2 protein chains.
Amino acid sequence: MDQYPEQLSGIFQALADPTRRAVLGRLGKGPASISELAQPFDMALPSFMKHIHFLEDSGWIQTRKEGRVRTCAIRKKPFAAVEAWLSAQRALWEGRTDRLDQFVTAGQKRKQSE
Amino acid sequence: MDQYPEQLSGIFQALADPTRRAVLGRLGKGPASISELAQPFDMALPSFMKHIHFLEDSGWIQTRKEGRVRTCAIRKKPFAAVEAWLSAQRALWEGRTDRLDQFVTAGQKRKQSE
């Protein structure tokens, strides 16, 4: 389930920030330049670039420079990694819903009797 | 897509650590006590408890104390939040695969001509 723990940590870490999620949301619609991507954020360019580098290092985006313009595009592989992790968890989960129901029900009964 | 940015950041942050993912993997099979959960890790209990508190604060697990034993169980809501984020991204993605193909193909052509 956790075959590439380091990559997976970076993939999830990249998603743990609203700016980076918003950048991925924008890139989901198609490639964009750094200045287009930075425009909606009230943030100094060096701070914004840290997010871009984080997304690139964790594998979420690829960038390409033509002349003075760097263009970013989203990559598909991290989605597959997140989906694989979710599917593996779901497979475990679905096998034992009854046991969780027992845990929750027991907790509620305990609270009621307190 | 990003309706609860703070919760979503915590949900993804929780997954950005192999110990926390392993704990969720174990809890996917059913509830377990802290000592059962800690057993596979070569880690001092206070360090391990930080991971448990992180999972609890971010909404991934619930815990219940009976006597001297604290039992943990996984919660379903964060899965739904991650799945909703993935679905929203996928919806954007699927609408523009052609444009990404153009981006990648143009990059390959550029490299070949260099």
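Can you list residue pairs whose Cβ atoms sit under 8 Å apart, with the first residue in the range A:42-61 being more than 17 Å from A:R26 (Cα to Cα) and the second being polar (S, T, N, Q) and at pLDDT below 95? Count only pairs 6 or more apart in sequence or on different chains. So the pair list comes out as A:S58/A:Q7. Every condition in (1) over 15 Å from the mean Cα position of the chain (by Cα); (2) open to solvent by 20 Å² or more (accessible area, probe 1.4 Å) holds for B:K77 except the one numbered (1).
Across the range A:28-72, the qualifying residues are those that are within 14 Å of chain B (Cβ to nearest Cβ) and of a type in the set (V, I, T), and the one among them that is nearest to B:S87 (Cα to Cα) is A:I61.
The values are calculated or read from the model by the stated rules, or taken from the named source; none is laboratory data. As the structure is a prediction and not an experimental result, all values here were calculated from the model. So basically every Cβ, Gly included, is an ideal-geometry build from the backbone, and we count neighbours across all protein chains shown. Calculation scope for accessible area: heavy atoms of the full protein, side chains included, ligands and nucleic acids excluded. Shrake-Rupley method; radii C 1.70, N 1.55, O 1.52, S 1.80 Å.
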